[in-house]
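*Asks:* Dumping the structure here so I can ask a few things about it.
The values are calculated or read from the model by the stated rules, or taken from the named source; none is laboratory data. A quick note: this is a predicted structure, and the numbers were derived from the prediction, not measured. Positions of Cβ are backbone-derived with ideal geometry, glycine not excepted, and every protein chain shown enters the neighbour counts. Only protein heavy atoms, including side chains, enter the accessible area calculation; ligands, DNA and RNA are left aside. Shrake-Rupley method; radii C 1.70, N 1.55, O 1.52, S 1.80 Å.
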Amino acid sequence: MTISRLNIRSVRNLSSVSIAPSARINIFSGPNGSGKTSVLEAIHLLGLARSFRTSKVRHLIAAGDPAATVQGKVDSLAQGVEQTLGVERNLEGQTRVRFAGSDIDLASLAELVPLQVIDSATFDLLDGSPSIRRQFIDWGVFHADKAFIQLWRGFRRVLKQRNTLLKCGKIGHQMRAAWDHEFVGFAEQITRLRQEYLQLLTPEFEQIVEKLLPGQSLSLGFSPGWDLKKPLDELLAANFERDLRQGFTSAGPQRADLRVKVDGHTAAERLSRGQKKLAVSALKLAQGALFYRMTGRPCIYLIDDLPSELDATHCQLFCEFVEQMASQCFITCVDSRALSYQWQPNTDVLHYSINDGSVTPL
Ligand SMILES: Nc1ncnc2c1ncn2[C@@H]1O[C@H](COP(=O)(O)OP(=O)(O)OP(=O)(O)O)[C@@H](O)[C@H]1O
Ligand SMILES: [Mg+2]
C-alpha cells in the first residue's frame, strides 16, 4: 500500500493539509505542538478509521469543527492502480469509509491498509498487558489468514456467553459441556493459526534484531493460554468450579501471550529504554517484512519521533534498515538533523516542515 496524495481536514490543529508524499520516506520536522504526530494520526485515521492516541473521537476532531476527514489516493494492492479512499468521523459518532466510490466496512478497510505504528506507546508491547501482545499476534494472523476474523468473532461470542452464564451461575454440567465443545473448536483453530504465524515471524525477527540490536540475544516464545499437554475440554471441566466462583473462564486463547526474552530473562525487566524501543521496532518491522514476503504488499509505517531514546549509532542503524524496506514510511522528529543519516541518492526522500498546523515541503 502506498499513498500518493493525502488531504487532511480538521484533524487536531491540521485544519487543511494537502501533500503528495513520496512512495518511500517522508520526514516531518517541526517544534513541539506543531502537528507532527497529528499527521501520523490522520494517516492512521485513513487506514483504520480511528486514532492510535485516543479512543474518543472528539479529541481528534479540530476544536469547533463538526468532523475530521482524511482522503487519499492509494495503491492498495501495490499494482500501480490508484483509487480514492476517504474516511470521515464526526462528533455525532458516525464513521464513513468510501473506497473506489463505494462505502466499505471497517474490516475491509483494515485489510486494505496494512499499517504499523512505532510511537511512544510502543513500549506497551513489552511493558503492557498480554492483551496488547495478543493484538500484535492477531494483526499478523488477521492479515495472513482470511478465516481468522470469522474464527475470532465466533470465539468472542462463545466466550462472552460462557462468561455471562458463569457470572449469573446459571450453567449446569450439561450446558457447560455443550458450550465447551464450541469453545474448544474455536480455541484450537485460533491457537494453531497463532503458532503457525509466530513460527514464520521468529526468523524475520531474529534477522532484524541482529541488525538493530547486535550482540543481544532476543527470543520469542508463545504461551497459548493453557497447558497444551492437557486436552482443553478436560481442563475446562476441571476448572469449572473455580471459573464459576470467579465468574470468568480461566483457560483458553483469551489468555495467550507472547514472551519476549533476553538471555532467558523477560525483556521488559532486562532491556534499557532505547533497547526496548529497538526490540519493539524489530517486532513491528518483522511483521511488515513477513507481510510483504507473504503478499507482495508493503505495509505503511508511521514512526513518531524516530530519534527519541536512540543514540546516533542506533538511529543510523534504524534509518539504514528503514531505507532497505519496500515500505512507505512517515517519520517525524523535532529536528531532522537528529536523524543524522545520509540517505542514498536513489532513495526517494521528502522532507516537510510543520509549523502551527501548516505542512510545507522543504
Ligand atoms: N482537537 C484539537 N483541536 C485543535 N487543536 C488540537 C486538538 N487536539 C490537540 N490540538 C493541538 O494540536 C497540536 C498538535 O499536536 P501534536 O501532538 O501533533 O504535536 P507534535 O508536533 O507531535 O508535538 P511534539 O513534538 O510535542 O510531539 C498541539 O498544539 C495541540 O495542542
Ligand atoms: Mg508528537
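*Asks:* Would you work out the charge dipole size for the chain about its Cα centre, treating the Cβ of every Lys and Arg as +1 and the Cβ of every Asp and Glu as -1, and quote it to the nearest 20 debye?
*Replies:* The calculated dipole for the chain is roughly 980 debye.
*Asks:* Still on this structure: As I understand it, the dipole of the chain uses +1 on the Cβ of Lys and Arg and -1 on the Cβ of Asp and Glu, about the Cα centre. Which of N239, G169, T202 lies farthest toward its positive end?
*Replies:* Towards the positive end, the residue furthest out is G169.
*Asks:* Find the accessible area per residue for the chain; the probe is 1.4 Å, ligands and nucleic acids are left out, and the unit is Å².
*Replies:* Per residue, the chain has 46 Å² of solvent-accessible surface.
*Asks:* At 37 °C and 0.692 mPa s, grab the translational diffusion coefficient of the range 133-295 from Stokes-Einstein with a Kirkwood Rh over Cα pairs, rounded to a whole number in µm² per second.
*Replies:* It diffuses with D of about 190 µm²/s by this estimate.
*Asks:* Going toward the positive end of the dipole of the chain, with +1 on Lys and Arg Cβ and -1 on Asp and Glu Cβ, which of S16, P130, L290 do you reach last?
*Replies:* P130
*Asks:* Considering only lysines 8 or more places apart in sequence, or on different chains, count the pairs in the chain whose C-alpha atoms sit under 16 Å apart.
*Replies:* 7
*Asks:* Suppose only helical runs count, i.e. DSSP H with n ≥ 4. What mean residue ellipticity at 222 nm does that imply for the chain under -39500 (n - 2.57) per run, divided by all residues and rounded to the nearest 500 deg cm²/dmol?
*Replies:* So the calculated ellipticity at 222 nm is -14000 deg cm²/dmol.
*Asks:* Starting from the Kirkwood radius over alpha-carbon pairs of the range 234-362, derive D by Stokes-Einstein at 20 °C in a medium of 1.002 mPa s and give it in µm² s⁻¹.
*Replies:* Estimated via Stokes-Einstein, D reaches 117 µm²/s.
*Asks:* Could you give the distance between the Cα centres of the range 5-76 and the range 308-362, to the whole Å?
*Replies:* 18
*Asks:* For the chain, state the average projected area of the convex hull of the C-alpha atoms over all orientations, rounded to one decimal in nm².
*Replies:* Its average projected convex-hull area is 19.6 nm².
*Asks:* For I118, which sequence-distant residues (separation of 5 or more, or a different chain) have an amide H within less than 5 Å of its own amide H, given hydrogens modelled in the peptide plane?
*Replies:* Placed amide hydrogens put L302, I303, D304 under 5 Å from I118.
*Asks:* Among 173-183, 93-103, how do they line up from the highest to the lowest mean number of other beta-carbon atoms within 10 Å?
*Replies:* Highest-to-lowest ranking by the protection proxy: 173-183, 93-103.
*Asks:* Sticking with this structure for a sec: Using the per-residue mean of other Cβ atoms lying within 10 Å as a proxy for protection, in what order, highest first, do the peptides 349-356, 69-76 fall?
*Replies:* 69-76, 349-356
*Asks:* Compute the length gained on full extension between E323 and K167: take 0.36 nm times their separation in residues and subtract their Cα-Cα distance, giving the result in nm to one decimal.
*Replies:* Using 0.36 nm per residue and subtracting the Cα-Cα distance, I get 50.9 nm.
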